[in-house]
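Beneath this line is the structure, given in structure tokens, with notes to follow.
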Amino acid sequence: MKIISFEGIEGVGKSTQLRLLKDYLESKHFLVEVYREPGSTNTGEKIRDILLNSANELSNEAELLLMFASRAELIKHKIKKSKSDYLLLDRFYDASLAYQGYGRKLSIPLIESLITFTDCPVPNYSILLDIPVEEGFARKTNDDIDRIESSSKSFFERVRKGYLKIAKENTDRFIKINASLDIDKVHQKIINHIES
């Protein structure tokens with residue numbers, strides 16, 4: 001089984017590219033499963049509602065621990081039991097490093113210890129779709145804004161810089177792609193990397 005995670009700030013097109021890759025892999029007769037974070041289990045979806053509901057005021061520490069609570073359920077009940085050829089993840093643990101670590105300025109060593117504690121498998125590939133923060137939010141002008149998305153521009157600048165740093169430190173698995181490109185060009189770049 002190969003695990004491919006899709007990472008990036010809001011509006012980069014993760015869900016679109018994930019769907020296109022799923023369709024492509026299934027056309028090649030691979031068995032593919034798709035999961036999103038937070039969520040994808042009964043408990044995870046309830047935690048997602050808490051995390052993303054704009055009416056909820058959460059401390060940064062609570063946000064981090066809830067993310068890992070959802071992730072622990074996903075790993076135990078879905079990822080470890082998967083029999084698929086490819087497992088596609090709409091964000092994974094790198095998101096906690098970027099969002100709660102670099103974005104919320106929580107302890108990176110603490111987050112890394114939670115990654116170890118929850119026994120997170122390392123993805124075979126992590127696709128970082130990268131665009132400037134303003135461009136990402138311009139793409140989401142008609143969407144409802146959730147609790148995390150309503151964070152400041154400076155927060156998302158830190159998240160983006162965090163993602164770029166993580167990718168630079170993990171070149172063995174990270175594939176950085178300019179998400180400003182046409183959807184089909186981004187999709188083709190992803191396929192080229194995976195097939196090579």
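Below is a table of values for the structure above.
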| read-out | value |
| --- | --- |
| Apportionment of accessible area to carbon and sulfur, the chain, percent (1.4 Å) | 50 |
| Accessible area in square angstrom per residue, the stretch 1-92, 1.4 angstrom probe | 47 |
| Amide H contacts of GLU7 (H built 1.01 Å from N, under 5 Å, at least 5 apart or other chain) | ILE127, LEU128, LEU129 |
| Calculated FRET efficiency for the pair PHE30/LYS76, C-beta based, R₀ 35 Å, to 0.05 | 0.90 |
| Residue-span extension gain [ASN124 to GLU157] - 0.36 nm each, minus C-alpha spacing | 9.2 nm |
| Cα Rg, Dmax (largest Cα-Cα span) when computed across the chain, Å | 15.9, 46 |
| Rounded FRET efficiency, nearest 0.05, which uses the C-beta distance separating LYS2 from ASN178 and R0 of 30 Å | 0.80 |
| Shape of the stretch 9-59, Cα gyration tensor, a/c cut at 1.5 | oblate |
| Over 25 Å (Cα to Cα) - which of LYS165/LYS189; LYS81/LYS176; LYS46/LYS76; LYS22/LYS76; LYS28/LYS185 fall in this group | LYS81/LYS176 |
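The values are calculated or read from the model by the stated rules, or taken from the named source; none is laboratory data. It should be emphasised that the depicted structure is a prediction, and the values quoted were computed from it without experimental measurement. Counting neighbours? That spans all protein chains shown, and the Cβs are built from the backbone with ideal geometry, glycine included. We work out accessible area using only protein heavy atoms, side chains counted, and drop any ligands, DNA or RNA first. Shrake-Rupley method; radii C 1.70, N 1.55, O 1.52, S 1.80 Å.
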